[in-house]
1. Inside the stretch 206-229, can you point out the residues that are under 11 Å from SER259 (Cβ atoms) and among the acidic types (Asp, Glu)?
2. Among the residues of the stretch 208-222 satisfying the criterion of being in contact (Cβ under 8 Å) with a residue 60 or more places away in the chain and near ligand 1 (Cβ under 9 Å from one of its atoms), which is surrounded by the fewest Cβ atoms within 10 Å (Cβ to Cβ)?
3. When you scan the stretch 223-236, how many residues do you find that are in contact with a Ser or Thr (Cβ under 8 Å, 6 or more places away or on another chain) and crowded, with 23+ Cβ neighbours inside 10 Å?
4. Determine whether VAL169 is touching a residue at least 40 places away in the same chain (Cβ under 8 Å), touching a Phe, Trp or Tyr at 6+ places or on another chain (Cβ under 9 Å) and more than 16 Å from ligand 2 (Cβ to nearest atom).
5. Looking at the stretch 157-185, which of its residues are within 8 Å of ligand 1 (Cβ to nearest atom) and either of a type in the set (Phe, Trp, Tyr) or surrounded by fewer than 24 Cβ atoms within 10 Å (Cβ to Cβ) (or both)?
6. Can you pull out the helices (runs of 4 or more DSSP H) entirely within the stretch 139-236 that have at least 3 residues that are outside the structural domain of VAL349 (by TED's automatic domain parsing) and more than 14 Å from the chain's Cα centre (by Cα)?
Amino acid sequence: MRAVVYEKPFTVSVLEVPKPTILHPDDVIVKGDCSCRWIIDSDLHMYEGRTSAEPGIVFGHENMGIVDEVGGGVTLLKKGDRVVMPFNVACGRCINCEEGRSAFCTVVNPGFVTLMGTYVAMGPYPGGQAEYVRVPFADFNALVLPPGTEHEEDFALLADIFPTGWHGVQLSGFRPGESVVVFGAGPVGLMAAYSAIIRGASNIFVVDRVPERLQKAKEIGATPIDFSASDPVEQILKLRGGKEVDRGVDAVGYQAVTSDGKTEQPNVVLESLIRVVRPTGGLGIPGLYVPNDPGAPDSAAAKGYISFPFGFKLFEKGLSLGTGQCNVKAYNRYLRDLIIAGRAKPSFVVSHNLTLDAAVEAYEKFDKRIDGYTKVLLHP
Ligand SMILES: NC(=O)c1ccc[n+]([C@@H]2O[C@H](COP(=O)([O-])OP(=O)(O)OC[C@H]3O[C@@H](n4cnc5c(N)ncnc54)[C@H](O)[C@@H]3O)[C@@H](O)[C@H]2O)c1
Ligand SMILES: [Zn+2]
């Protein structure tokens, strides 16, 4: 079968690789068929050589498709089911899975998260930017969608970014009626802002410097803040008559840049959040911070040590914070039902629908943020 394979930093190719087979009775094999399943997203961290990804891995951790083969131990799924998988696979049986924290499954990868697409050198599962993908612990990991092709683009976003945006808001301790600032208007930030809107936020700010991304934030009803113009915290405080916001979401992570967009400063968003969120408010940090970063701007950040103002003002303000990978399983069923009910349409974030063969060029353009590439769906 054909698959998108990582060769070296800034190089992916569409190559012939062996088709996956059932390796355990709990597995299913999912096929793309005519449905869109493959999305380029955090794969960029690997693409840029900013993780320890090994050459030869198949990319793609946001997977959706049709069940093609079913292992003997699978009870809930049958051939022909339309399914979407969480980007982080989990066993469904360990303490963290039982308690709804599937991103921290202790069986699939003790001590760390495992993602489809062998993300950040973790986990033994080839990714889904290919014609077929093997799904382990399939009864737990495959969420069944209504048959047909309706809501295709919306459902594809249940693999990662819609739940992750929702999770960012959840981690911040958000309650309906509160005000929220989201740093980053990439797919995750836009989904966080959209989730805050669905959940009844009174006032939502979205900070970025990319005009088409800020435009999308505006279209869904958030106030765009361009941090290339001036200090985003000052801008927000000014708009609110000096009042801070209740909750803040970091949807940028360790590759945060300074206002000119040229220099990386991994702590800049955390620092801004601590300044702009009110005393006893909360920070949700779904943005990725990695344990090792070969391209970090300083030696501390290279080891995953990010300095931020703990005493002045995190402690002083009594802020709470939550961080980590998204427990997709905790949300995706309910977000699916919001989509089916017509109460959520996250696909406003999709900018391009392309074939698998266009993946090579799409990675290049997406990495350089050319042509308004916000979120790309790859079709087999
Ligand atoms: N926790 C999880 O489970 C999970 C899941 C998916 C993605 N992520 C992470 O979430 C983050 C966002 O993902 P994405 O796909 O939207 O990324 P993205 O790179 O598309 O978007 C990040 C945005 O942040 C903006 N930005 C950079 N510096 C900034 C600053 N100082 N202030 C404000 N905005 C700034 C960029 O212009 C860009 O638009 C990434 O770190 C990603 O790895 C986490
Ligand atoms: Zn588990």
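The values are calculated or read from the model by the stated rules, or taken from the named source; none is laboratory data. Keep in mind that what you see is a predicted model, and the values were worked out from it rather than measured. Cβ coordinates were reconstructed from backbone atoms using ideal geometry, including for glycine residues, and neighbour counts include every protein chain displayed.
1. Once the filter is applied, which keeps residues that are under 11 Å from SER259 (Cβ atoms) and among the acidic types (Asp, Glu), the stretch 206-229 yields only ASP226.
2. VAL210
3. 1
4. no
5. PHE183
6. Counting at least 3 such residues, we get 187-198, 211-219.
The rows are residues; the columns are (1) within 11 Å of ligand 1 (Cβ to nearest atom); (2) under 21 Å from THR164 (Cα atoms).
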site	(1), (2)
VAL277	no, yes
GLY284	yes, yes
GLY287	yes, yes
GLY295	no, no
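One line per residue, one yes/no per condition, for (1) in contact with a Leu (Cβ under 9 Å, 6 or more places away or on another chain); (2) modelled with pLDDT of 95 or more:
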| position | (1), (2) |
| --- | --- |
| ILE161 | yes, no |
| THR164 | no, yes |
| VAL169 | no, yes |
| GLY173 | yes, yes |
| GLY177 | no, yes |
| GLY189 | no, yes |
| ALA193 | no, yes |
| ILE198 | yes, yes |
| PHE205 | yes, yes |
